[in-house]
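First the structure, in the form of structure tokens, and then the observations on it.
The values are calculated or read from the model by the stated rules, or taken from the named source; none is laboratory data. Keep in mind the model is a prediction, meaning the values are calculated, not measured. Glycine gets a Cβ as well: all are built from the backbone with ideal geometry, and neighbour counts include every protein chain shown. These accessible areas exclude ligands, DNA and RNA; they are computed on the full protein's heavy atoms, side chains included. Shrake-Rupley method; radii C 1.70, N 1.55, O 1.52, S 1.80 Å.
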Amino acid sequence: MKESIKNMKAYQAELPAEVVKAKYGLSHLARLSANESVYGPSPKVAKAIKATADDILGYYPDGQATTLREAVAKHDQVDPESLVFGVGADELIQLLTRTVLTPGSNIIVPDPTFGEYAMHAQIEQADAKKIPVKPTTGQIDFEAMFSAVDDNTAMVWLANPNNPTGVFEKRAAILAFLEKLPKTVTLVVDEAYYDFVAQPDATVAQDVKHYSNLVVLRTLSKAYGLANLRVGYGIMQEPLYGVMQAVRLPYNLNTYQIVGGTAAIEDQAYLSQVVAKTQAERKLFQTFLRDNNLNFYESETNFIWVKVGDTKKVGEYLLSQGYQVNDHLNSEWIRIALGTAEDNAGMRAAILTSTK
């Protein structure tokens with residue numbers, strides 16, 4: 001066994017809804033802990049999956065995910081031969097670290113950010129340099145990130161908007177940072193929550209063709225509502241594209257993932273409705289937090305990072321009231337995913353009680 005992973009802790013998943021409801025005597029539980037979409041996917045997804053013939057089950061799926069590849073390339077306006085598909089963006093994170101990192105190399109990440117970047121670096125026996133975000137705004141400290149680059153730095157990871165803070169960085173700031181990076185350092189911009197951003201010029205996907213050391217990740221688990229289906233993709237140039245296709249397991253996406261993902265991508269009208277609802281609820285929630293002098297970072301996602309004090313105490317109270325949030329990322333801050341209008345209103349009332 002690798003020494004680097006002997007003391008790793010397993011991912012702490014949410015308790016099943018029925019278990020929580022039974023424990024607290026609840027008739028309803030709002031699961032607001034995993035940044036899932038309460039609106040679910042386009043109805044066209046289930047229709048497309050149900051229309052898939054049963055006789056495919058005895059055969060391997062399309063190893064190149066051709067229909068999904070074409071749909072994504074058309075929507076994102078990228079080269080189809082720049083797309084690598086995975087079982088969620090998680091598989092792409094795993095494959096990228098496996099491909100790029102070597103023992104003794106290091107990655108640079110903001111702190112806090114999505115934990116999988118550092119976890120996979122640890123598995124590959126690489127180090128993770130964690131650079132605190134700016135405390136007042138939660139913005140990335142690009143100057144400090146660049147200062148941390150050394151001869152052993154192989155990757156820099158940016159979730160944009162960031163998870164768990166929800167804070168968005170402008171394309172211009174990311175490209176200015178990328179211009180300074182050595183070409184030997186791969187910058188991965190994880191745009192899992194990109195669809196929720198209300199600001200213009202929100203993605204660097206179109207810039208990948210100009211930088212061989214830039215990778216953009218996307219997922220259909222969030223705004224598209226396909227968390228259970230597990231579909232993600234990366235946009236990258238050669239030579240990384242060819243190597244990633246080689247290390248990716250063949251047939252990693254099954255036919256239902258390909259068919260369902262394609263239907264979701266093609267129904268942009270439904271996605272727009274989901275995004276509009278989420279943005280409206282986010283505005284209401286952040287206005288409430290501001291009016292009640294609760295400390296939070298301005299979010300451009302479907303969740304909000306709120307400072308509440310004792311997270312375990314507050315998280316336990318909210319759970320007892322039927323609101324399941326993520327209270328294990330920080331000792332003072334909780335991450336609240338936006339739910340239905342009714343659940344969000346109830347959550348706001350519960351937060352006021354819990355923080356008194």
Q: With θ set to phi - 60°, apply the Karplus curve 6.51 cos²θ - 1.76 cosθ + 1.60 along the range 191-202 and write out the HN-Hα couplings as whole Hz, x wherever there is a Gly or Pro.
A: 9, 4, 10, 3, 4, 8, 5, 9, 8, x, 6, 8
**Q.** Accessible surface, 1.4 Å probe, highest first, among residues 21, 134, 9, 170
**A.** 9, 170, 134, 21
**Q.** Whole-Hz couplings from phi, Karplus 6.51/-1.76/1.60, listed for the range 93-98; x for Gly and Pro
**A.** 4, 4, 5, 5, 5, 4
Q | Surface accessible to a 1.4 Å probe, per residue, for the residues of the chain, Å² | A | 46
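To the nearest 0.05, how large is the calculated FRET efficiency for residue 70 and residue 98 if R₀ is 30 Å and r is the Cβ-Cβ distance?
On the way: r = 27 Å, r/R0 = 0.91.
Once rounded, the FRET efficiency stands at 0.65.
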Q) Magnitude of the Cβ-charge dipole of the range 1-115, K/R +1 and D/E -1, about the Cα centre, nearest 20 debye? A) 460
Q: Please list, in chain and number order, the residues 5+ apart from residue 127 or on another chain whose amide H is under 5 Å from its amide H, with Hs placed from the backbone.
A: 104, 105, 106, 107
Q.
Using amide H atoms built in the peptide plane, which far-off residues or other-chain residues are under 5 Å from residue 303 H to H?
A. 338
Q | Label corresponding to mean projected area of the Cα convex hull in nm² when calculated from the structure given, among (1) 18.7; (2) 23.8; (3) 20.1 | A | (1)
Q. Among 138, 339, 85, which residue has its Cα positioned farthest towards the positive end of the charge dipole of the chain, with +1 placed on the Cβ of Lys and Arg, -1 on the Cβ of Asp and Glu, and the dipole taken about the Cα centre?
A. 339
Q: List the residues whose amide H sits under 5 Å from the amide H of residue 163, counting only those 5 or more places along or on another chain, with H placed 1.01 Å from N in the peptide plane.
A: 114
Q. Classify the range 1-148: rounded, prolate or oblate, from the alpha-carbon gyration tensor (a ≥ b ≥ c, eigenvalue square roots; a/c under 1.5 rounded; otherwise prolate if a/b is larger than b/c)?
A. oblate
Q: At 1.4 Å probe size, with no ligands or nucleic acids counted, give the accessible surface of residue 120 in Å², nearest ten.
A: 20
Q) Given the protein chains as shown and a 1.4 Å probe, how many square angstrom of residue 332 are accessible, to the nearest 10? A) 80
Q: Please state the charge dipole magnitude for the range 209-356, taken about the Cα centre, from unit charges on C-beta atoms (+1 on K and R, -1 on D and E), reported in debye and rounded to the nearest 20.
A: 140
Q: Please sort 102-109, 295-302 by packing, taking for each peptide the average over its residues of neighbouring beta carbons within 10 angstrom, highest first.
A: 295-302, 102-109
Q. For residue 50 and residue 28, what does the FRET efficiency come to when R0 = 30 Å and r is the distance between their Cβ atoms, rounded to the nearest 0.05?
A. 0.55
Q) Once label points are set 7 Å from the Cα along Cα→Cβ at both residue 11 and residue 175, what is their separation, rounded to one decimal in nm? A) 3.4
Q | Filter on 129/307; 9/222; 180/209; 2/134; 21/313; 23/283 - keep pairs with C-alpha separation over 27 Å | A | 2/134; 23/283
**Q.** Total charge dipole magnitude, the range 120-211, about the Cα centre, Cβ charges on Lys, Arg, Asp, Glu only, Debye to nearest 20
**A.** 120
**Q.** Accessible-area ranking of 38, 188, 259, largest first, probe 1.4 Å
**A.** 38, 259, 188
